[in-house]
Amino acid sequence: MKIEAIEIRRVKMPLVAPFRTSFGTQHEREMLLLRVRTPGADGWGECVAMSDPLYSSEYVDGVEDVLRRFLIPDLLAMGDVTANAVGPRLHKYKGHRMAKAALEMAVMDAELRNQNISFANSLGALRTHVPSGVSVGIMDSLPELLEVVGKYLSDGYARIKLKIEPGWDTAPVRAVREKFGDDILLQVDANTAYTLRDAHHLAKLDAFDLLLIEQPLDEEDMVGHAELARKIRTPICLDESIVSASTAAAAIKLGACEIVNIKPGRVGGYLEARRIHDVCVALGVPVWCGGMLETGLGRAANVALAALPGFTLPGDVSASDRFYIEDVTEPFILENGGLTVPNGPGLGVTPLEDRLKEFTLTAENIGA
Ligand code: OSB
Ligand code: MG
């Protein structure tokens, strides 16, 4: 496939409510969208990097720089490009997985649209509908938390994930269990807010029958997670620490996690995400699809990935209105506790021009 140009577009979208995690509070979502222009269809990529390097080392300005200076010129110099070739071609540039993932996603979307194949089919999806979990931010009070969780449960969400940090962990979990019972699927996400010295405290969560605790310790602390796993009964799931199929295999072998959160952006793209899925299936480790406040574009691809057979736990694939009043695409709507997997060519969704314009800060074409 010949690429004529690649557009880098910076967008900013208001959030329906502030989203607080152990690493900070988001009031709006600023991100990069990429459009790969081909003689046939255009392809769309969404970069999951956030404005500040607080969840990961990557951040919007840094991603834009590495895309402009290295990744896009190198890809354009290839001439004939396929989605499968993007990762190997860019491998020599260390790290920058979120930037690479966005580029690969856009190339893959263009390629699949031109071939009339959906993301879901291309990745090997089985299901046509996936259950939705929802990620609930840290709140100012327990009553406020219970109200928000109650609303998500009445919407039909299949699983609740509570963001936790020291000082906001056992109390919110206890309150949610007391109010909504032992049957709801419940898990927590610490985003690296604890240390091994907190092991005794984290063991108090064992009483609440959680599906998992996500990323309690530092992203580089694989050995610490393995140690913690011997001290608590709640299964450990890694998010930040898993950046490739080989780190996933290492974490599992070391006993650092029993469950893996797969976020395509964090691991360099949907193709590596599928390889992690395959490794985990082979080792009997359940996976689920993480989220990064995606627009309808990233959400469409995540829903397709979440439809693969190894995704046996509900993912952070919520409806568009969890984060946005207006999405850049037609909204994803919750039906029977989940979302329908798009089956049109490529992502199966396309930005609405007016919406795109409304949210765009800057847009520039980089020519071949
Ligand atoms: O750790 O899973 C995380 C959002 C931004 C950064 C990191 C995380 C999250 C979420 C929200 O938990 C997931 C979503 O998009 O629903
Ligand atoms: Mg997480």
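The values are calculated or read from the model by the stated rules, or taken from the named source; none is laboratory data. Quick caveat: nothing in here was measured; it's all calculated off a predicted structure. Neighbour counts run over all protein chains shown; Cβ positions are idealised from the backbone, glycine included. Surface areas here come from the heavy atoms of the whole protein model, side chains and all, with no ligands, DNA or RNA. Shrake-Rupley method; radii C 1.70, N 1.55, O 1.52, S 1.80 Å.
Which of 102, 85, 307 ends up with the largest GNM mean-square fluctuation for the chain, with Cα atoms connected below 10 Å?
It is 85.
Modelled label-to-label distance, residue 220 and residue 52, 7 Å Cα→beta-carbon offset: nm?
In this crude spin-label approximation the distance works out to 2.1 nm.
Take the alpha carbon gyration tensor of the stretch 126-169, find the square roots of its eigenvalues, order them as a ≥ b ≥ c, and report rounded if a/c is under 1.5; if not, report prolate when a/b exceeds b/c, else oblate.
Oblate is the answer for the stretch 126-169, as a/c is 1.5 or above yet b/c matches or exceeds a/b.
Normalised by the number of residues in the stretch 1-130, what is the relative contact order in percent for Cα pairs under 8 Å and 6+ residues apart?
Here the relative contact order equals 26 percent.
Once the chain is represented by equal point scatterers at the alpha-carbon sites, with solvent omitted, what log10 I(q)/I(0) does the Debye formula produce at q = 0.07, 0.11, 0.15 Å⁻¹?
Taken in order of the listed q values, log10 I(q)/I(0) reads -0.28, -0.71, -1.34.
Taking only Cα atoms, what is the 0 to 90° angle, nearest 10, from helix 245-254's long axis to the longest principal axis of the chain?
20 degrees
Calculate how steeply helix 296-306 sits against the longest principal axis of the alpha-carbon atoms of the chain, using the helix alpha-carbon long axis, and give the answer as 0 to 90 degrees to the nearest 10.
Compared with the principal axis, the helix lies near 60 degrees.
Would you mind checking 2/161; 100/204; 94/231; 2/357; 179/253 for any pair whose Cα atoms are more than 31 angstrom apart?
Over 31 Å apart, Cα to Cα: 2/161; 100/204; 94/231; 179/253.
With contacts defined as alpha carbon pairs under 8 Å and 6 or more residues apart, what's the relative contact order of the chain in percent?
Reported relative contact order: 23 percent.
Tell me which GluC sites (Glu not before Pro) from the stretch 1-103 have a DSSP coil assignment and no more than 16 other beta carbons within 10 Å of their own.
Those that pass, being in a loop and sparsely packed, are 4.
Helix-only estimate, please: 222 nm mean residue ellipticity of the chain, summing -39500 (n - 2.57) across DSSP H runs of length 4 or more and dividing by its residues, to the nearest 500.
The helix contribution divided over the chain gives -9500 deg cm²/dmol.
How high is the FRET efficiency from residue 2 to residue 154, r the C-beta distance, R0 56 Å, rounded to 0.05?
Efficiency at R0 = 56 Å is approximately 0.65.
With a cut-off of 8 Å between alpha carbons and a minimum separation of six or more residues, what is the relative contact order of the stretch 187-274 in percent?
Answer for the stretch 187-274 is 27 percent.
Leaving ligands, DNA and RNA out of it, report the carbon-plus-sulfur percent of the accessible area of the chain at a 1.4 Å probe.
Result for the chain: 51 percent of the exposed heavy-atom area is carbon or sulfur.
Is there a quick way to get the dipole size of the chain? I mean about its Cα centre, with the Cβ of Lys and Arg at +1 and of Asp and Glu at -1; what is the value in debye to the nearest 20?
Dipole of the chain, to the nearest 20 debye: 720 debye.
Multiplying the sequence separation of residue 227 and residue 209 by 0.36 nm and subtracting their Cα-Cα distance, what value in nm do you get?
Stretched out fully, the residue 227 to residue 209 stretch lengthens by 4.4 nm.
If each residue of separation counts as 0.36 nm, what is the full-extension length gain between residue 198 and residue 321 once their alpha-carbon separation is subtracted?
40.7 nm
Length gain on complete extension for the stretch residue 366 to residue 254, per 0.36 nm per residue less the alpha carbon to alpha carbon distance?
Difference between extended and current length: 35.9 nm.
Can you say what percent of the DSSP beta bridges in the chain, counting only those with both residues inside, are antiparallel? Round to 5.
The answer is about 60 percent antiparallel.
Among the aspartates and glutamates, which have Cα under 13 Å from the Cα of residue 92 when same-chain residues fewer than 8 positions away are ignored?
Within the straight-line cut-off, residue 92 pairs with 74.
Find the accessible area per residue for the stretch 275-368; the probe is 1.4 Å, ligands and nucleic acids are left out, and the unit is Å².
38 Å²
Between 132, 122, 241, where does the largest GNM mean-square fluctuation fall for the chain, given springs only between Cα atoms within less than 10 Å?
122
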